[in-house]
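K.L.:
Would you mind keeping the following structure in view while I ask a few things?
Please treat every number below as a calculation from the coordinates, not as lab data. Remember, it's a predicted structure, so these values are computed and weren't measured experimentally. Methodologically, a virtual Cβ is constructed for each residue, glycine included, from the backbone with ideal geometry; neighbour enumeration extends over all protein chains shown.
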Amino acid sequence: MKNILVTGGLGFIGSETVIALLEKGYQPIIVDDLYNAKLAVLDRIETITHVRPKFYEVDVTDQAKTEKIFQENQIDAVIHFAGYKAVGESVYKPIEYYRNNLDSALVIVDLMRKYGVKNLIFSSSATVYGVPERVPLVETDPVSEATNPYGETKVMIERILKDVYKADPTLNIALLRYFNPIGAHPSGLLGEDPNGIPNNLLPYVSQVAIGKLKCLKVFGNDYPTPDGTGVRDFIHVVDLAEGHVATLKKLEQNPGLVIYNLGTGKGTTVLELVHAFEEANHVKIPYVIAPRREGDVAVNYANCDKAYRELGWKARFTIADACRDAYHFQKMNPNGIQ
Ligand code: WQD
């Protein structure tokens, strides 16, 4: 297995995965429509790895344009990241989210069938578990109604892929359920680079740390948790990327359809993360306690034993590592990647 088509390959997780693939001798081919990524990321991948992967600026909901990529390349596997991913935005734009995320997944599996590509990794999310009945979450826990259209598209695409696998059991499909990706590439050249005000916690904290934002709002401190603030499984994005490479190895053993949680197996509260960031970077993060955010769950973290048992993979980096890398990236890119 050599040539890996990476859709959304210039995004936060996609670009880190491209680097991990190159480091392990794979040949990634990137397709990205630049809706939520910048072409400059390709230059930075080249700076870091001294390789400039083949890049197609294509919207993968466009079947004709995407087909050209399958015609021009001998693709051995697809890692499908491309999709809209802003939880809050999805509530106001359900049509765009269902259209974009479902169409792009259907285009990919349709073209895989046509061109005999047998291996797929799908970027799923912990949101498919909905409001967890118990934690830590295991892969056999029920997939239920997500709390927003973004999460619902992940639930639906998982269902589509299970049916596609039933129709063709010679396929090898991995559903990777990410928890909360954080951090940045240690070089500071790549990292989480949201448009506008960050929705996610760590990019918001990083922007407060460089003075771009004034003060962090902690959404609720009356949850049933050690300090009352939300608990999440924050995983370093480089660990997450390496989890994809470990999964590719697994697909070479023809496992059929497999599902893995990619997290650290540990829960961290919002305030614990804030304090870890302050300690790791010797900064002060001013915050106020604000009302709970609509759609938030109290506690959400993973049991990752299955990934360790079957992939030989587990997260290596600590929360402090991720806080240091995120701050380093933010300082080097105060106005995002240009
Ligand atoms: C984490 C915690 C907030 C911002 C979402 C998606 C998930 C994935 C990651 C796409 C919560 C608190 C946050 C802030 C805060 N997205 N918080 N103040 O909601 O767990 O997960 O992003 O792939 O699919 O569901 O991540 O970082 O927004 O929130 O207090 O300014 O931080 O309440 O407890 P979330 P998050």
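K.L.:
In whole angstrom, note down how far apart the Cα centers of the stretch 2-23 and the stretch 202-239 are.
P.N.:
If we compute the Cα centre of each part, the gap is 27 Å.
K.L.:
Related question: Over 15 Å apart: what share of the alpha carbon pairs of the stretch 82-141 falls there, rounded to a whole percent?
P.N.:
Everything past 15 Å amounts to 63 percent.
K.L.:
Let me ask something additional. Short version: ³J(HN,Hα) in whole Hz for each residue of the stretch 167-178, in order, from phi by Karplus 6.51 cos²θ - 1.76 cosθ + 1.60 (θ = phi - 60°), x for Gly and Pro, what are they?
P.N.:
Ordered by residue, 3J(HN,Hα) equals 6, 9, x, 7, 6, 10, 10, 10, 9, 9, 9, 7 Hz.
K.L.:
Report the Stokes-Einstein translational diffusion coefficient (µm² s⁻¹, integer) for the chain, Rh taken as the Kirkwood radius over Cα pairs, at 4 °C with viscosity 1.567 mPa s. Don't skip to the end; give the middle numbers.
P.N.:
Working: Rh = 20.1 Å.
Answer, rounded: 64 µm²/s.
K.L.:
Right, another one. Using a basic spin-label model with each label point 7 Å from the Cα along Cα→Cβ, how many nm lie between LYS166 and ARG316?
P.N.:
4.0
K.L.:
Work out from phi, with θ = phi - 60° and the Karplus expression 6.51 cos²θ - 1.76 cosθ + 1.60, the ³J(HN,Hα) of each residue of the stretch 203-209, listed in order in whole Hz, and give x for Gly and Pro.
P.N.:
Here the 3J(HN,Hα) series is x, 5, 4, 4, 6, 5, 4 Hz.
K.L.:
On C-alpha positions alone, give me the angle between the axis of helix 270-281 and the longest principal axis of the chain, in degrees, nearest 10.
P.N.:
That helix lies at roughly 90 degrees to the long axis.
K.L.:
Next question. Under the rule of at least 5 residues apart or a separate chain, name every residue whose amide H is placed under 5 Å from the amide H of THR264.
P.N.:
Result for THR264 returns ALA302.
K.L.:
Sticking with this one: If the elastic network links every pair of Cα atoms under 10 Å, which of THR153, THR229, THR318 fluctuates the most in the Gaussian network model of the chain?
P.N.:
THR318
K.L.:
Taking the 0 to 90 degree range and rounding to the nearest ten, how far is the long axis of helix 319-332 tilted relative to the main principal axis of the chain, both from C-alpha atoms?
P.N.:
90
K.L.:
While we're here: Putting +1 on Lys and Arg Cβ atoms and -1 on Asp and Glu Cβ atoms, find which of ASN195, VAL51, ASN73 reaches farthest to the positive end of the dipole of the chain.
P.N.:
Working it through, the farthest residue towards the positive pole turns out to be VAL51.
K.L.:
Enumerate the amide H contacts of GLY191 below 5 Å, restricted to partners 5 or more residues apart or on another chain; note that Pro and chain-start residues carry no placed amide H.
P.N.:
Long-range HN contacts for GLY191: HIS185.
K.L.:
Determine the gain in length on full extension of the stretch VAL51-SER187; use 0.36 nm per residue of separation and subtract their C-alpha separation, reporting nm with one decimal.
P.N.:
On the way: separation 136, 0.36 × 136 = 48.96 nm, distance 1.59 nm.
Extending this stretch completely gives an extra 47.4 nm.
K.L.:
I would also like to ask the following. What is the Å³ per residue value for the convex hull set by the Cα atoms of the stretch 236-338?
P.N.:
Values: hull volume 16.2 nm³, N = 103.
Residue-normalised Cα hull volume stands at 157 Å³.
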